[in-house]
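Working notes for the structure below.
The values are calculated or read from the model by the stated rules, or taken from the named source; none is laboratory data. All values derive from a computational prediction rather than experimental measurement. For neighbour counting, all protein chains shown are included, and Cβ atoms are generated from backbone atoms with ideal geometry for every residue, glycine included. Heavy atoms of the whole protein, side chains included, go into the accessibility calculation; ligands, DNA and RNA do not. Shrake-Rupley method; radii C 1.70, N 1.55, O 1.52, S 1.80 Å.
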Amino acid sequence: VAWVHGPSGIGKTRLVRELERAVAPQRRGVLWLSVADAPDIPGPPTLVGRVLKALLGGDDATAVDPWRALAVRVGELVGERNAGECMAVVGPLVGVAHPEATGREAPRTLDPQPEIAIQFLGSLLRSRGRTGPLVLHLDASRGSIEATTALCRGLLDALGGISAAIIVESRRTPPRTLNVTAVALGPLPDGDALGLARFVL
């Protein structure tokens, strides 16, 4: 985990974008997921749900049967046999309701505890990470530092053994209890800032 922090406008987002450009994910077969956590951004209500949505992709809002469309994408990741069982957790996390959820015989869905949701996400990321390197960029500048910390801590355990990196972008310094590489950005007095940034990159 690399935790890039500094005041607003210092260049955190620019640095991460330059890093993404240097990595060239599509050319190298790297899955690069960028997720922003802020209360005013539409989408799943939790950070885990937002990452899960980014991993699964698709626009369920325009699908005729959002549940089925999501189930197909889950099946591509975990296999068709396991997709139905996984949907009981995935659906609520990404905010997609089963079409029969209002009836008396509605299918059972689960609203997992945060730790379980993180473990579940970690196992899906692990499945995807077996086919190539994975980079998860979390923009936590306006989100919950607690949620970001919990997610990083859980994924550090879950993603062991695969080629994966987490880059956190935050205005705050990382918690001391979290094992990360901290990158503090601050204003430079003079000189070629762009040249220095390219050298650091």
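Could you give me the residue pairs with C-beta distances under 6 Å whose first residue belongs to the stretch 116-136 and is under 10 Å from V51 (Cβ atoms), whose second residue is open to solvent by 50 Å² or more (accessible area, probe 1.4 Å) and in a helix (DSSP H, G or I) wherever it lies, and which are 6+ apart or on separate chains?
If the second residue must be open to solvent by 50 Å² or more (accessible area, probe 1.4 Å) and in a helix (DSSP H, G or I), no pairs are left.
Only residues that are buried (at least 19 other Cβ atoms within 10 Å of the Cβ) and either without any contact (Cβ under 8 Å) to a residue 24 or more places away in the chain or touching a helix residue (DSSP H, G or I) at 6+ places or on another chain (Cβ under 6 Å) (or both): list them for the stretch 139-156, please.
Once the filter is applied, which keeps residues that are buried (at least 19 other Cβ atoms within 10 Å of the Cβ) and either without any contact (Cβ under 8 Å) to a residue 24 or more places away in the chain or touching a helix residue (DSSP H, G or I) at 6+ places or on another chain (Cβ under 6 Å) (or both), the stretch 139-156 yields A140, L151, G154, L155.
Only one of V1, V30 is under 17 Å from the mean Cα position of the chain (by Cα), touching a residue at least 60 places away in the same chain (Cβ under 8 Å) and over 16 Å from G122 (Cα atoms). Can you tell me which?
Of V1, V30, the one residue that is under 17 Å from the mean Cα position of the chain (by Cα), touching a residue at least 60 places away in the same chain (Cβ under 8 Å) and over 16 Å from G122 (Cα atoms) is V30.
With respect to A165, determine if the residue is under 20 Å from T13 (Cα atoms), touching a helix residue (DSSP H, G or I) at 6+ places or on another chain (Cβ under 6 Å) and in contact (Cβ under 8 Å) with a residue 60 or more places away in the chain.
In short, no.
Considering only the stretch 157-171, state which residues are touching a strand residue (DSSP E or B) at 6+ places or on another chain (Cβ under 6 Å) and open to solvent by 40 Å² or more (accessible area, probe 1.4 Å).
Across the stretch 157-171, the qualifying residues are A164, A165.
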